[in-house]
Amino acid sequence: MSATNSSAKRPPVAFTPGSHVRLRSAGPDDQAIVSSGFFRGLVSIGGDNALAIELDGSEGEPKGRIRLVPTPAILTIDILEAAKPEEEKRAEATQSPGYFR
């Protein structure tokens with residue numbers, strides 16, 4: 001490994017809602033299903049988790065359709081463009097939490 005490769009800082013991997021992704025998942029007859037679009041979040045269905053992907057239409061699927069991919073079926077995820085994480089929005093307390101006399 002060269003000194004330039006090891007000393008260069010890489011940004012952390014970010015898999016945030018809004019990221020553009022290409023995902024391969026297990027399908028019927030040992031075929032992979034390719035889903036390309038925008039990651040919208042994690043969905044829980046009956047105790048199982050699935051990724052919600054809003055399809056971008058590039059793989060021949062209808063643009064805008066939401067595909068839920070169960071996490072055990074995921075083979076690969078390519079992050080094509082990571083969305084910046086939103087800052088946590090904290091509600092400022094407009095009043096003090098109690099009375100003092």
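Key figures
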| read-out | value |
| --- | --- |
| Hey, Ala50 touching a Pro at 6+ places or on another chain (Cβ under 6 Å) and modelled with pLDDT of 95 or more or not | yes |
| Breaking point among (1) within 27 Å of Pro85 (Cβ to Cβ); (2) in a strand (DSSP E or B), for Ile33 | (1) |
| Close pairs from segment 48-60: first on the phi < 0 side of the Ramachandran plot, partner assigned to a loop (DSSP other than H, G, I, E, B) and surrounded by 15 or more Cβ atoms within 10 Å (Cβ to Cβ), Cβ under 9 Å, at least 6 apart | Leu55/Glu61 |
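The values are calculated or read from the model by the stated rules, or taken from the named source; none is laboratory data. All values reported here derive from a predicted model rather than from experimental measurement. Counting neighbours? That spans all protein chains shown, and the Cβs are built from the backbone with ideal geometry, glycine included.
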